[in-house]
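Asker: Pasting a structure below so you can have a look.
The values are calculated or read from the model by the stated rules, or taken from the named source; none is laboratory data. In this text the structure is predicted, and so the values were computed from the model without any measurement. We place every Cβ from the backbone using ideal geometry, glycine too, and count neighbours over all the protein chains shown.
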């Protein structure tokens with residue numbers, strides 16, 4: 001008989017949790033966008049918000065431990081993105 005025992009550390013567990021939360025929020029977002037019942041959509045939006053909050057909590061824990069580092073965007077990149085999306089909103 002073959003047995004493998006893998007022990008995951010906190011970093012691996014949180015990384016897996018963050019990945020899972022991203023998948024969950026993506027699924028709830030798709031379901032909510034395609035929902036034809038207003039009452040069901042309202043319930044799903046509440047669940048989606050809860051899942052986003054969980055995802056953010058996991059993200060903050062990873063950042064606090066130095067396991068998920070982000071870099072500040074250069075000011076020019078922010079200006080470019082703002083101009084790009086302001087142009088899109090005018091078209092809508």
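Asker: Just need a number here: residues in the stretch 60-92 that are farther than 30 Å from residue 14 by Cα, exposed (fewer than 10 other Cβ atoms within 10 Å of the Cβ) and at pLDDT 90 or above.
Answerer: 2
Asker: Give the stretch 16-40 a look and list any residue that's surrounded by 15 or more Cβ atoms within 10 Å (Cβ to Cβ), free of Cβ contacts under 8 Å to residues at least 24 places away in the same chain and in a helix (DSSP H, G or I), or say none.
Answerer: If the condition is that a residue be surrounded by 15 or more Cβ atoms within 10 Å (Cβ to Cβ), free of Cβ contacts under 8 Å to residues at least 24 places away in the same chain and in a helix (DSSP H, G or I), then 28, 29, 32 are the ones that fit.
Asker: Before we move on, is residue 55 exposed (fewer than 15 other Cβ atoms within 10 Å of the Cβ) and either assigned to a helix (DSSP H, G or I) or modelled with pLDDT of 95 or more (or both)? Let's see the steps before the verdict.
Answerer: On the way: exposed (fewer than 15 other Cβ atoms within 10 Å of the Cβ): no; either assigned to a helix (DSSP H, G or I) or modelled with pLDDT of 95 or more (or both): yes.
Judged against the criteria, residue 55 is not a match.
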